[in-house]
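This report refers to the structure that appears directly beneath it.
The values are calculated or read from the model by the stated rules, or taken from the named source; none is laboratory data. Worth saying up front: this structure is predicted, and the values here are computed from it rather than measured. Heads up, the Cβs are rebuilt from the backbone with ideal geometry, glycines too, and the neighbour counts pull from every protein chain shown. When the accessible area is computed, the model is the full protein with side chains, heavy atoms only, and any ligands, DNA or RNA have been set aside. Shrake-Rupley method; radii C 1.70, N 1.55, O 1.52, S 1.80 Å.
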Amino acid sequence: MINRVFPKVSLKVHYVKLILLLAISGTAMAQGHGPLYGLQTPTLAKGGVDLNVAGMSLGTETETSYMLRYLFSYGITEDLQVNLTTPTMIERLENAPRTRGNSNMPANGDIEASLWYRFFSNAFGVGKRFESTAILGVSAPTDDVRGQVNVGNSIHAAISTGYASRTWYGWIGGGYQYYFEKDGEQLGDLPYASAVVGYRPNIFMGDYPKPDWRIFIESLAEFPGDNKFDGQPDFSDSRSTKVLVGPSFLGLYGAWGISFGAMFPVVQDLTPGTVKEKYRIAINLSYWL
C-alpha cells in the first residue's frame, strides 16, 4: 500500500529498495546512450555487446511493484541489433496496468526478444545526425493471469526518429503492443507514443576519464484498450488515456553507465474500475563490451 500521508518519504524508501535490489543482483549492465523511458534510435556497433540490469518500481493507488530486468543486446551490424530481456519479479501488481518499462523492456513479467533496425541515418555535421529506428518484438508471459484476465503471448512494434548532437538530443516515436487471446480471454492492446528532449552541459564535454552526464525530460502517452472476454469488451466506454512526464539522468564513465529517473501521471482518463497510477521509478546499470 502506498504511503498517502508521507509520499516523499515513501518514494525515498522505494529508491533505496531499488538500489539494494541492484546491489545484490550481481554483474550490472544498459540500454544505450539515450533516454530511460522513451523510444530512442541508437544501435550497437557491429559485434558490440550491451549487458544491462534495471530495477523498476510502479506505484498505484493500492499497490507497489518491484522488479529486476536483465537485458542482453548484440550488434549484428551497425544498424541491426538483437535483444533479449527477462524479469525477476519481486512483487507483482494484482491489477497491473498495460504499459512498457521502456523501448527495450516490458514493465511486467514478460520475457521478450526483439530486433532493432536503424533504417535511416544522416550525419550532417561534427557530432550531429538524424536517424530512425524500427523495433519488432515478441514476448511470452511468466504469469498465467494478469488483472483477472488470462495472459497470452504478445507482439510489439514501434518506430522512433531522433536528432543527436554533442549538446542537444530529441526523439519522438510511437508503438503498439497486441496480446493474443488465451482460453477465451484477451488483454487489451497498448498503443503509445513518447517524446524526449535531452541536454548535455558543457562541463561534461571532456573526454574519458572525465565523467559524462546528460539530462532528459521524457513524456509518455498510453492508450490501453479494454480487456475482452469471449470476444466482447469488458467495458463499453472509450479507450483509456494516460500521459506521464518526468526527468531522467544518464551518466557514462568508460564502458560503464548508470541512468535513473521517475515519471508521474499528468493525465489519467481511465475506464471504470481501472486503478490509477501514482509514479514510476527506474534505475539502470550498464556495461558495454
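Across 10 Å bins from the origin, how do the percents of Cα pairs in segment 150-288 run, short distances first?
Reading upward from the zero bin: 11, 29, 31, 18, 9, 2.
Convert 20 °C to kelvin, take the viscosity as 1.002 mPa s, use the Kirkwood radius over C-alpha pairs of the chain as Rh, and evaluate the Stokes-Einstein diffusion coefficient in µm²/s, rounded to a whole number.
Numbers: Rh = 19.4 Å.
Here the translational diffusion coefficient equals 111 µm²/s.
Mean residue ellipticity at 222 nm from the helices of the chain, using -39,500 (n - 2.57) per DSSP H segment of n ≥ 4 over the full residue count, to the nearest 500 deg cm²/dmol? Before the final figure, lay out each step's value.
Details: 1 runs with 17 residues, N = 289.
Calculated from helices alone, the mean residue ellipticity at 222 nm is -2000 deg cm²/dmol.
Dipole size in debye (nearest 20) for segment 36-288 around its Cα centre, Lys and Arg Cβ +1, Asp and Glu Cβ -1? If you can, show how the numbers build up before the last one.
Numbers: 20 positive and 26 negative charges, 234 e Å.
About 1120 debye.
If the limit is 27 Å between Cα atoms, which of 128/210; 46/128; 128/242 go over it?
Values: 128/210 21 Å; 46/128 21 Å; 128/242 33 Å.
Exceeds cut-off: 128/242.
What figure, in Å² to the nearest 10, do you get for the accessible area of residue 256 with a 1.4 Å probe and non-protein molecules left out?
Solvent-accessible area, nearest 10 Å²: 130 Å².
Which one, 64, 283, 133, projects farthest toward the positive side of the charge dipole computed for the chain from Cβ point charges (K/R +1, D/E -1)?
My answer, from the dipole projection, is 283.
Report, to the nearest 10°, how far helix 7-23 tilts away from the longest principal axis of the Cα atoms in the chain, using its own Cα long axis and a range of 0 to 90°.
Roughly 60 degrees, rounded to the nearest 10.
Given an 8 Å cut-off on Cα distances and at least 6 residues of separation, report the relative contact order of segment 36-288 as a percent. Write out the running numbers ahead of the final one.
On the way: 739 pairs, mean separation 45.1, N = 253.
Once normalised by length, the contact order is 18 percent.
Could you give the length gained on full extension between residue 126 and residue 138, defined as 0.36 nm per residue of separation minus the Cα-Cα distance, in nm? Before the final figure, lay out the partial values.
On the way: separation 12, 0.36 × 12 = 4.32 nm, distance 3.69 nm.
Contour length minus Cα-Cα distance gives 0.6 nm.
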